[in-house]
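Asker: Could you have a look at this structure, given as C-alpha cells, before my questions?
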Amino acid sequence: MQDNKIKHHLFVRENKSVAFSGKTLEKVNSLISRYPEGRQKSALLPVLHIAQEELGGYLSVDVMDYVALLLNLNPMEVYEVATFYSMFYLEQVGKYVLEVCHTGPCAICGGEEVLQHIKDYLHIDTGETTPDGMFTLKEVECLGACGSGPSMQVNTEFYEHMTAKQVEKVIEDLRQKTEEEGSSKGWAEQFS
Amino acid sequence: MGRAILLDKANIPGIRAFGVYRAHGGYNAAGKGLLEMTPAQVQQEVIKSGLRGRGGAGFPTGLKWSFLDRKSTRPRYLVCNADESEPGTFKDRYLMEKLPHLLIEGLILSSYALGVRTCYIYIRGEFKYLVGILETAIREAKKNNYLGEKILGTDFSLEIYVHPGAGAYICGEETALLESLEGKRGNPRIKPPFPAYKGLYDCPTVVNNVETLAAVAPVIGMGGETYSKLGFGKSTGTKLMSACGNINKPGVYEIEMGLPVEDFIYSDEYCGGIKNGKMLKAVIPGGSSVPILPADLILNTSRGEARLLTYESLAEGGFESGSMLGSGGFIVYDEDACIVRNTWNLTRFYRHESCGQCSPCREGTGWMERILYRIEHGKGRMSDIDLLVRVAKNIEGNTICPLGDAAAWPVASAIRHFRGEFEAHIK
Ligand SMILES: Cc1cc2nc3c(=O)[nH]c(=O)nc-3n(C[C@H](O)[C@H](O)[C@H](O)COP(=O)(O)O)c2cc1C
Ligand code: SF4
Ligand code: FES
C-alpha cells in the first residue's frame with residue numbers, strides 16, 4: 001500500500017554508525033503507515049522520541065541527520081523541530097533526568113523546596129549533570145499532575161507527592177537500580 | 001448533585017480492559033448509534049444535548065460539527081486534543097488512564113457522525129505511559145470489531161491512532177496542534193481558514209477535547225434531550241473539575257453543572273475545605289489562563305448571588321468581577337499564598353511557552369516576567385504596576401492565537417483584585 005517504506009540505511013559518521021535495530025525499524029515503518037502517503041513527516045515526533053531513547057539519550061546532529069534520511073526530510077526540518085520541543089535534548093544528559101515541575105500549582109504545594117533540596121543533595125544546579133553522569137536536573141513546566149504535586153518525572157516516569165525526604169529516597173533507589181530493572185517500557189513498545 | 005455519567009464506571013476493578021468495560025454496558029451507545037441511527041441523527045442528538053467544548057472555550061460541540069466542510073471531496077479528520085498542558089488541569093489524563101474505552105467509544109460515535117475514517121489522538125509526550133494504555137485499548141476494540149473495517153457489520157470503518165507531542169503547551173491550541181501533528185514546530189496558524197475547512201493536511205478537520213468527545217457516548221446512550229436536562233441553563237451535563245492547590249482533597253471530580261462553588265470547595269464530597277484549617281484567599285477556577293478571583297467574588301457574584309460552577313455564572317460580572325469555567329482546572333490559594341509570586345510564576349510559564357511568532361506575545365510576556373520578577377524580589381517601583389497593566393493591555397487581542405490573552409489575563413486580574421499586595425511588595 002505504502003510505497004514510502006524505508007529501507008535499512010547504514011548511516012556512518014566519523015566512523016560511528018548510527019542506526020536503529022531491525023525491530024525498531026519495523027516499528028518506525030508501521031508508524032509511518034499511520035499517516036497518509038507522502039505525509040511521513042508526521043511521524044517525526046514519535047520517531048525522534050524513539051531515536052533519543054535508543055540512540056544515545058539525546059539528539060546529536062548525527063542522530064537527527066539519520067532521522068532526516070529515514071523520513072526523507074531535509075535535515076533542517078528535523079533540527080527545527082528538535083529545537084522547539086522541550087522533551088528533546090540536544091546535549092548529552094545523565095542516565096536519569098530529574099524533571100521537576102516548578103509551575104504555580106506545584107510551587108504553592110512545596111515544589112520550590114523540593115527543587116532546592118535536590119540541588120543541595122546532588123550539589124548541582126538546574127541544567128547540570130552530576131560528575132558521575134547519573135543525574136541531570138531540569139526545571140519543567142506543568143506536567144499535568146497538579147493535584148498530586150509537587151510532581152517530577154524521571155525519564156518520563158511520574159513521581160508525585162514529592163517531599164524533601166521522598167526525593168532523597170527516589171534518588172537513592174535509582175542509584176541502586178540495575179540496568180535490567182531500570183528499563184521501563186520504552187517509546188517503541190508503547191505503540192501497537 | 002453527585003451525578004456521574006462519565007466517571008460512573010471509573011472505580012470498577014479492571015475497567016480498563018475491553019471485556020470488563022463491555023460487561024458493564026460499555027459500547028452499548030456505540031452499538032445504538034451505528035446500528036440504529038444515521039450519522040445525521042447522531043449529530044442531531046449532540047446538538048440537542050447542548051454539550052459544549054470542555055477544552056476551555058465552551059463552544060457548542062454540535063454547532064462546531066455543523067461547520068465541517070461536507071462538500072469537500074478530501075478526507076475528513078477528527079483530532080482528539082489530549083495535550084492537557086494548562087496549569088491546574090489534569091482531568092483528561094485521569095479519564096484516559098481510568099477509562100480508555102470510554103474515550104474510544106466517544107471517538108467512534110463522533111467519527112461516525114462526522115463521516116471520518118481516520119482519527120488521531122494528539123497526546124502530550126509527558127503522558128508516555130498513556131500512549132501504551134490507549135494503544136492497547138484500541139487494539140482490543142479492533143479485535144472486537146468496534147474499530148477497523150466494517151464496524152459491527154455496517155459500512156462504517158475507522159482507524160484511531162495515538163500521536164505523542166514532545167513538550168510544548170502551545171500545541172494544545174488547535175492550529176498549533178495540527179502543525180505539530182504534521183511534524184512541524186507548534187506555531188499557531190492564522191485563522192481563517194478554520195480547521196473545519198482547512199485543517200490537518202489542508203483537509204476538513206474537527207478538533208475536540210478528550211472530555212468533550214468522551215461525553216458523546218453518554219449523550220447518545222441516554223439521548224440528547226435527557227442529557228440536556230442535566231446541569232443548569234445553558235451549561236448542560238456534567239463537567240470534570242480538577243482541583244488542586246491548598247485544599248484537603250485535591251483530585252478529579254465529576255460535578256453536575258450548577259453546583260455552588262462554595263459546596264465544591266468546602267464539601268467533603270469534593271475539595272474538603274482549605275488545608276490546615278486556613279482561610280480561603282483566592283481561586284483560579286478554570287486553568288491558569290483565566291482571571292483569578294478573591295474569596296468573596298468566587299463564592300458570590302458582585303450582585304450577591306451564589307457563584308455556581310457553570311459557564312455563565314463564573315463569567316458573571318465580566319472581567320471586572322468574574323472569571324471563566326475554562327478547562328475546569330480549579331486552583332485554590334489559602335491566606336498564606338503570595339499573589340505576586342504566583343503571578344510572576346505563571347507569567348514565567350507563558351513566557352516560556354510563547355511560540356515567539358508575534359511580537360506582542362513574545363516581547364510582552366518577557367517584559368511582564370521581568371517586571372514581576374523585579375517586584376517579587378524587592379526591586380520594584382510604584383510605576384511598575386501601571387506599566388504591567390499597560391503591557392497586558394497591549395498584548396490582549398493583538399496576537400495570532402489566544403495564548404497572548406491567556407498570559408495577559410492573569411496579570412491584569414491579579415492587579416485588579418490584589419493591587420495592595422503588589423504595592424506592599426514595592427514599599
Ligand atoms: C494556548 C492554548 C492552549 C490550549 N490547550 C488546550 C489543551 O491542552 N487541551 C484542549 O483540549 N484544548 C486546549 N486549547 C483549546 C483548543 O484550541 C481548542 O479550542 C479545543 O481543543 C477545542 O475542543 P473543545 O471544543 O472540545 O473544547 C488551548 C487553547 C490555547 C489558546
Ligand atoms: S500569541 Fe504567542 S503563542 Fe500565540 S502565535 Fe503569537 S507568539 Fe505564538
Ligand atoms: S503545576 Fe506541577 S504538574 Fe501541574
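The values are calculated or read from the model by the stated rules, or taken from the named source; none is laboratory data. Please read these numbers as outputs of a predicted model, since none were measured by experiment. In this analysis, Cβ positions are derived from the backbone assuming ideal geometry, glycine residues included, and neighbour counts consider all displayed protein chains.
Asker: Could you please tell me which pairs satisfy a Cβ distance under 9 Å, a separation of 6+ or placement on different chains, a first residue in region A:165-189 that is among the aromatic types (Phe, Trp, Tyr), and a second residue that is modelled with pLDDT under 95?
Answerer: These pairs meet every condition: A:187/A:156.
Asker: Next up: When you look at residue A:30, is it in contact (Cβ under 8 Å) with a residue 40 or more places away in the chain and farther than 30 Å from residue B:344 by Cβ, yes or no? Quick ask: steps written out before the conclusion?
Answerer: Working: in contact (Cβ under 8 Å) with a residue 40 or more places away in the chain: yes; farther than 30 Å from residue B:344 by Cβ: yes.
Yes.
Asker: Moving on to the next point. Taking the condition of being within 14 Å of another protein chain (Cβ to nearest Cβ) and out of contact with any Gly (no Cβ under 7 Å at 6 or more places or on another chain), how many residues in region B:231-251 meet it? Please lay out each step first, then the result.
Answerer: Initially, region B:231-251 is screened for residues within 14 Å of another protein chain (Cβ to nearest Cβ), giving B:240-251.
Now restrict to residues that are out of contact with any Gly (no Cβ under 7 Å at 6 or more places or on another chain): B:245-246.
Residues that pass the stated criteria total 2.
Asker: Consider residue B:88 carefully, then state whether it is within 17 Å of residue B:172 (Cβ to Cβ), among the small types (Gly, Ala, Ser) and facing chain A (nearest Cβ under 9 Å). Spell out how you get there, then give the answer.
Answerer: Numbers: within 17 Å of residue B:172 (Cβ to Cβ): yes; among the small types (Gly, Ala, Ser): yes; facing chain A (nearest Cβ under 9 Å): yes.
The answer is yes for residue B:88.
Asker: So residue A:86 passes all but one of these: (1) under 20 Å from the mean Cα position of the chain (by Cα); (2) more than 16 Å from ligand 3 (Cβ to nearest atom). Which condition number does it fail?
Answerer: (2) is the only condition that residue A:86 fails.
Asker: Give me the residue from region A:100-143 that is acidic (Asp, Glu) and within 13 Å of chain B (Cβ to nearest Cβ) and, out of that set, farthest from ligand 2 (Cβ to nearest atom).
Answerer: In the first step, residues of region A:100-143 are kept if they are acidic (Asp, Glu); the result is A:112-113, A:120, A:125, A:128, A:132, A:139, A:141.
If we keep only those that are within 13 Å of chain B (Cβ to nearest Cβ) as well, we get A:112, A:139, A:141.
Working: A:112: 26, A:139: 20, A:141: 14 Å.
Going through the qualifying residues, I end up with A:112.
Asker: Continuing with the same structure: If you check residue B:33 against the conditions, is it more than 26 Å from residue B:241 (Cα to Cα) and crowded, with 21+ Cβ neighbours inside 10 Å?
Answerer: Details: more than 26 Å from residue B:241 (Cα to Cα): yes; crowded, with 21+ Cβ neighbours inside 10 Å: yes.
Taking the combined requirement at face value, the residue satisfies it.
Asker: Further question: Quick one: in region B:75-89, of everything that is more than 16 Å from ligand 2 (Cβ to nearest atom) and charged (D, E, K, R), which residue is nearest to residue B:407 (Cα to Cα)?
Answerer: B:84
Residues are listed down the side, and each one gets a yes or a no for (1) farther than 30 Å from residue B:236 by Cα; (2) of a type outside the set (A, V, I, L, M); (3) more than 21 Å from the chain's Cα centre (by Cα):
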| position | (1), (2), (3) |
| --- | --- |
| B:291 | no, yes, no |
| B:298 | no, no, no |
| B:304 | no, yes, yes |
| B:309 | no, no, no |
| B:312 | no, yes, no |
| B:346 | yes, no, no |
| B:353 | yes, yes, no |
| B:365 | yes, yes, yes |
| B:389 | yes, no, yes |
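Asker: Of all residues in region A:34-70, which are surrounded by fewer than 22 Cβ atoms within 10 Å (Cβ to Cβ), closer than 16 Å to residue A:18 by Cβ and within 11 Å of chain B (Cβ to nearest Cβ)?
Answerer: Answer for region A:34-70, where residues must be surrounded by fewer than 22 Cβ atoms within 10 Å (Cβ to Cβ), closer than 16 Å to residue A:18 by Cβ and within 11 Å of chain B (Cβ to nearest Cβ): just A:53.
Asker: State all residues of region B:144-196 that are small (Gly, Ala, Ser), within 16 Å of ligand 3 (Cβ to nearest atom) and surrounded by 23 or more Cβ atoms within 10 Å (Cβ to Cβ); if no residue qualifies, say none. Before the answer, list the steps.
Answerer: The first filter runs over region B:144-196 and keeps only residues small (Gly, Ala, Ser), leaving B:148, B:153, B:157, B:165-168, B:172, B:176, B:180, B:183, B:186, B:196.
Those left that are additionally within 16 Å of ligand 3 (Cβ to nearest atom): B:165, B:167-168, B:172.
Selection gives B:165, B:168, B:172.
Asker: Would you pick out the residues in region A:108-146 that are out of contact with any Lys or Arg (no Cβ under 7 Å at 6 or more places or on another chain) and free of Cβ contacts under 8 Å to residues at least 12 places away in the same chain?
Answerer: Hits for region A:108-146 are A:108, A:112, A:116, A:120, A:123, A:128, A:131, A:132.
Asker: Looking at A:85, A:79, which one is within 16 Å of ligand 1 (Cβ to nearest atom), surrounded by 15 or more Cβ atoms within 10 Å (Cβ to Cβ) and among the aromatic types (Phe, Trp, Tyr)? Lay out the reasoning, then the answer.
Answerer: On the way: A:79 fails: within 16 Å of ligand 1 (Cβ to nearest atom).
Only one candidate qualifies: A:85.
To keep it simple, each residue is scored yes or no on (1) outside any helix (DSSP H, G or I); (2) within 16 Å of ligand 2 (Cβ to nearest atom).
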residue	(1), (2)
B:375	no, no
B:379	yes, no
B:392	no, yes
B:405	no, yes
B:408	no, yes
B:415	no, no
B:424	no, no
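Asker: So, residue B:371, is that one more than 16 Å from ligand 3 (Cβ to nearest atom) and surrounded by 19 or more Cβ atoms within 10 Å (Cβ to Cβ) or not?
Answerer: Considered against the rule, which asks whether it is more than 16 Å from ligand 3 (Cβ to nearest atom) and surrounded by 19 or more Cβ atoms within 10 Å (Cβ to Cβ), residue B:371 comes out as yes.
Asker: Determine whether residue A:26 is within 14 Å of chain B (Cβ to nearest Cβ) and part of a helix (DSSP H, G or I). Lay out the reasoning, then the answer.
Answerer: On the way: within 14 Å of chain B (Cβ to nearest Cβ): no; part of a helix (DSSP H, G or I): yes.
Answer is no for this residue.
Asker: Could you check, for region B:359-372, whether at least one of its residues is more than 15 Å from ligand 2 (Cβ to nearest atom) and within 14 Å of chain A (Cβ to nearest Cβ)?
Answerer: Quick first cut of region B:359-372, residues more than 15 Å from ligand 2 (Cβ to nearest atom) only: B:370-372.
After this cut, where a residue has to be within 14 Å of chain A (Cβ to nearest Cβ) as well, the list is B:372.
Within region B:359-372, one or more residues are more than 15 Å from ligand 2 (Cβ to nearest atom) and within 14 Å of chain A (Cβ to nearest Cβ).
Matching residues to (1) more than 16 Å from ligand 2 (Cβ to nearest atom); (2) buried (at least 20 other Cβ atoms within 10 Å of the Cβ):
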site	(1), (2)
B:43	yes, yes
B:56	no, yes
B:73	yes, no
B:91	yes, yes
B:106	yes, yes
B:114	yes, yes
B:131	yes, yes
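Asker: Can you confirm whether residue B:45 is within 16 Å of ligand 3 (Cβ to nearest atom), out of contact with any His (no Cβ under 9 Å at 6 or more places or on another chain) and either modelled with pLDDT of 95 or more or part of a helix (DSSP H, G or I) (or both)? Can you show your working first?
Answerer: Values: within 16 Å of ligand 3 (Cβ to nearest atom): no; out of contact with any His (no Cβ under 9 Å at 6 or more places or on another chain): yes; either modelled with pLDDT of 95 or more or part of a helix (DSSP H, G or I) (or both): yes.
Here the answer is no, as residue B:45 does not meet what is asked.
Asker: While we're on this one: Name the one entry in B:83, B:92 that is within 12 Å of ligand 1 (Cβ to nearest atom), in contact (Cβ under 8 Å) with a residue 40 or more places away in the chain and in contact with a Lys or Arg (Cβ under 7 Å, 6 or more places away or on another chain).
Answerer: Being within 12 Å of ligand 1 (Cβ to nearest atom), in contact (Cβ under 8 Å) with a residue 40 or more places away in the chain and in contact with a Lys or Arg (Cβ under 7 Å, 6 or more places away or on another chain) holds for just one of B:83, B:92, which is B:83.
Asker: Output the residues belonging to region B:344-370 that are in contact with a Leu (Cβ under 8 Å, 6 or more places away or on another chain), within 13 Å of ligand 1 (Cβ to nearest atom) and assigned to a helix (DSSP H, G or I).
Answerer: Within region B:344-370, B:350, B:353, B:361 meet the criteria.
Asker: Please go through region B:1-21 and pick out each residue that is closer than 19 Å to residue B:138 by Cβ and either touching a residue at least 24 places away in the same chain (Cβ under 8 Å) or outside any loop (DSSP other than H, G, I, E, B) (or both).
Answerer: First, the residues of region B:1-21 that are closer than 19 Å to residue B:138 by Cβ: B:9, B:14-21.
Result: B:9, B:15, B:16, B:17, B:18, B:19, B:20, B:21.
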